[in-house]
1. Shape verdict for segment 81-177, please, from the Cα gyration tensor: rounded (a/c under 1.5), prolate (a/b greater than b/c) or oblate.
2. Just to be sure I understand: with springs between alpha-carbon atoms less than 10 Å apart, which residue in 120, 29, 103 has the highest mean-square fluctuation in the Gaussian network model of the chain?
3. Ignoring ligands and nucleic acids, what accessible area does residue 100 show with a 1.4 Å probe (Å², nearest 10)?
4. For segment 1-111, give the share of DSSP beta bridges that are antiparallel, in percent and rounded to the nearest 5; count only bridges with both residues there.
5. For segment 29-133, rounded, prolate or oblate, judged on the Cα gyration tensor with a ≥ b ≥ c (square roots of eigenvalues), a/c < 1.5 rounded, else prolate if a/b > b/c?
6. Quick one: among 153, 135, 65, which has the greatest mean-square fluctuation in a GNM of the chain with alpha-carbon springs under 10 angstrom?
7. Tally the DSSP beta bridges in segment 27-177 and give the antiparallel ones as a percent, rounded to 5.
8. Once Rh is set to the Kirkwood radius over Cα pairs, what Stokes-Einstein translational diffusion coefficient, in µm²/s, holds for the chain at a temperature of 25 °C and a viscosity of 0.890 mPa s?
Amino acid sequence: VKFTPLCGARNEQPLCYLLEIDEACILLDCGWDETFDPRMLRPLQKVASKIDAVLVTHCDLNHLGALPYAFAKLGMRCQVYATLPVLKMGQLALYDMVQSRMDKEEFETFSFADIDTAWDNFVQLRYQQTCQLGGKADGITVSPLNAGHMIGGAVWKITKDSEEVVYAVDYNHAQER
């Protein structure tokens, strides 16, 4: 198991991490910020074409904002796993962001069609639903758990044989009444 931060490890940058389990490459979040500076995605560009799956934790730009660009311009071709609220609200947030940018300036970084192309690759999961990955990720299961941070937000449990990895960012650890 190898964990490589591509972005967001030591600062407030958007989140994007590469988890390698045997031959499988799993991207944990695929965030970008409102500057949409392609230079920020250089580490992702180096690995995008070999990603086998993406796990998205939350519906905001910092967790999924680079997905349309990664599919349209970086050669990413894989399934993206998320809960239904993250899938729906993330798509709407990106539509809104693109429209807002287009209303103010010329915005050609990615389009509504690029958002739709990325979202065609989404697989919707319920909390605690286990999903078996395929291809080079055969034998790996993923399961979203409630992060308690925002609607649909997930902590991901990733399992291969007897080993488990938990990817937990932006979660609420407070006891509910």
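The values are calculated or read from the model by the stated rules, or taken from the named source; none is laboratory data. Not measured: the values here are computed from a predicted model. All Cβ positions, glycine included, derive from the backbone under ideal geometry; neighbour counts span all protein chains shown. Note: areas computed on protein heavy atoms with side chains; ligands, DNA, RNA excluded. Shrake-Rupley method; radii C 1.70, N 1.55, O 1.52, S 1.80 Å.
1. Verdict is oblate for segment 81-177.
2. In this elastic network of the chain, the residue with the biggest mean-square fluctuation among 120, 29, 103 is 103.
3. For residue 100, solvent-accessible area is about 50 Å².
4. So the antiparallel bridges amount to about 60 percent of the total.
5. Note, shape of segment 29-133 comes out oblate.
6. 135
7. The antiparallel fraction comes to roughly 60 percent.
8. In µm²/s, the coefficient is 151.
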